[in-house]
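Heads up: the structure comes next, in structure tokens.
The values are calculated or read from the model by the stated rules, or taken from the named source; none is laboratory data. Quantities reported herein were computed from a predicted structural model and do not represent experimental measurements. Note that we place each Cβ from the backbone using ideal geometry, even for glycine, and neighbour counts take in every protein chain shown. For the accessible areas, the whole protein counts, side chains as well, though only heavy atoms, and no ligand, DNA or RNA atoms are used. Shrake-Rupley method; radii C 1.70, N 1.55, O 1.52, S 1.80 Å.
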Amino acid sequence: RELEAVIRHEAAHVRRRDNLVRAAMRYLPDPLLLLDAGHQLQAEWAAAAEEAADDEAAGTRVEARTELASALVRVARMAEGPPPQWMPALAFYEGTNLEHRVKRLLRAGTSANAASAMQIVAAAVVLATGALLLGDGVSMKLHGAMELAVRYLP
């Protein structure tokens, strides 16, 4: 049952394309990663993605949540040493937030927490992107275009 729980968890990552997003965040150039905020954003996204996959894999059934929590502890014990050199960095369990995830799984019915964390991260990304795009020069041009539209459109 633990193996089935892990497979459901990983299948949730596949359906959500989390590993593609994680690879893009890790390997594509990103000016935010030069700042602490970029690293914090990446860590928050990773935590929210794991919680969302946990929720999708286990649902609200107490038995399923307990099985997944047990599997997480088992995998963490297996991953105590460094991964083999041949294994890609994305493929190995990092062990982050283990205690939080296990406690969260053992409290049934907390699936809303992952969704709201993902919404917060998405909103932060949208706001940061908007702030970068709407700097002083762009906002003045946008304001001018809006003024023309207001004056000349019916």
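A few comments on the model shown:
- With a 1.4 Å probe rolled over the protein heavy atoms of all chains, the accessible area of 27, 152 falls in the order 152, 27, largest first.
- Inter-probe distance in nm under a simple model that places probes 7 Å from Cα toward Cβ, at residue 15 and residue 62: 2.5 nm
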